[in-house]
Amino acid sequence: MEQRAWRTLVALTTRLPAALDTQLQRESGITHFEYFVMTLLSEEPGHRLQLSDLAQKANASLSRLSHVVSKLERLGWAERVTITGRRGAQAVLTDAGYQKITEAAPGYLECVRGLVFDGLDAEQTKQLLELVETLVAQLDKGMARGLGRAGRPSPHLDMDPNESG
C-alpha cells in the first residue's frame, strides 16, 4: 500500500504543476511559479518583500527566486529595491505585475477547481488540508535532519519491492 500511495503522490506532484503551467502559459504567458511569486508579493504590504523571505514563502532557493525576479523585472512586473542600511534587496510587484496576476487569477482559479476541488466534497477538502499539512510538517522535519539535501546520502525508502502498486 505504501508503494501505491507513493506512486500516486508522485503522479499528483508531477502532473498537477505541469497542468497549471500549461494553463497559465496558454492563457497568460506566465509559469505557475511566476504567478505564485507575484501572488505572494501582492499579498504583502506595499507589494514588497525581502528576497530571502520571499524565497522561503515560495519554497524556493534564493538562486531560483532571483532568476525568476530577474525575468519579472525584464517584463516590467517586478523590480528589486535595495534598502539603505539593510542587507539584501526587496522584490516589489509593479502595478503592471499586479494587473497581470489580477487578469490571470480567474482562469487559474477555474483550473485549480476543475483539476482538484470539483472532485472533493467539503469533508474531503478538510481531510486534504489536514493530510497535506501533516506531509509538509514531515517534509520539514526530514529536511531539518538533512534528508533530501546535497551532501548527504539518501536513505533507502523502506518500501516492499514485491508490493504491487
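The values are calculated or read from the model by the stated rules, or taken from the named source; none is laboratory data. Every value quoted in this text rests on a predicted model; they were computed, and no experiment measured them. Glycine also receives a Cβ, built like all others from the backbone with ideal geometry; neighbour counts cover every protein chain displayed. Quick note on the areas: whole protein, heavy atoms, side chains included, nothing else; ligands and nucleic acids left out. Shrake-Rupley method; radii C 1.70, N 1.55, O 1.52, S 1.80 Å.
Looking at VAL132, VAL116, VAL136, which is the one that is out of contact with any Gly (no Cβ under 6 Å at 6 or more places or on another chain) and in contact (Cβ under 8 Å) with a residue 60 or more places away in the chain?
Sole residue among the options that is out of contact with any Gly (no Cβ under 6 Å at 6 or more places or on another chain) and in contact (Cβ under 8 Å) with a residue 60 or more places away in the chain: VAL116.
Does GLU73 count as surrounded by 14 or more Cβ atoms within 10 Å (Cβ to Cβ), more than 18 Å from the chain's Cα centre (by Cα) and free of Cβ contacts under 8 Å to residues at least 60 places away in the same chain?
yes
Which residues, counting only those in the stretch 18-39, are more than 21 Å from SER70 (Cβ to Cβ) and either over 14 Å from the mean Cα position of the chain (by Cα) or surrounded by fewer than 18 Cβ atoms within 10 Å (Cβ to Cβ) (or both)?
Scanning the stretch 18-39 gives ALA18, ALA19, THR22, GLN23, ARG26, GLU27.
Which members of the stretch 110-131 meet the condition of being aliphatic (A, V, I, L, M) and either touching a Lys or Arg at 6+ places or on another chain (Cβ under 8 Å) or farther than 13 Å from ALA19 by Cα (or both)?
Within the stretch 110-131, LEU120, ALA122, LEU128, LEU129, LEU131 qualify.
Return the residues of the stretch 84-122 that are modelled with pLDDT under 95, open to solvent by less than 90 Å² (accessible area, probe 1.4 Å) and either farther than 21 Å from VAL37 by Cβ or of a type in the set (Asp, Glu) (or both); say none if nothing qualifies.
The answer is GLY85, GLY119.
Please tell me if VAL81 is modelled with pLDDT of 95 or more and either open to solvent by less than 90 Å² (accessible area, probe 1.4 Å) or not charged (D, E, K, R) (or both).
In short, no.
Kindly provide the set of residues from the stretch 40-63 that are open to solvent by less than 30 Å² (accessible area, probe 1.4 Å) and in contact with a strand residue (DSSP E or B) (Cβ under 9 Å, 6 or more places away or on another chain), ordered by number.
LEU40, LEU41, SER42, LEU49, GLN50, LEU51, LEU54
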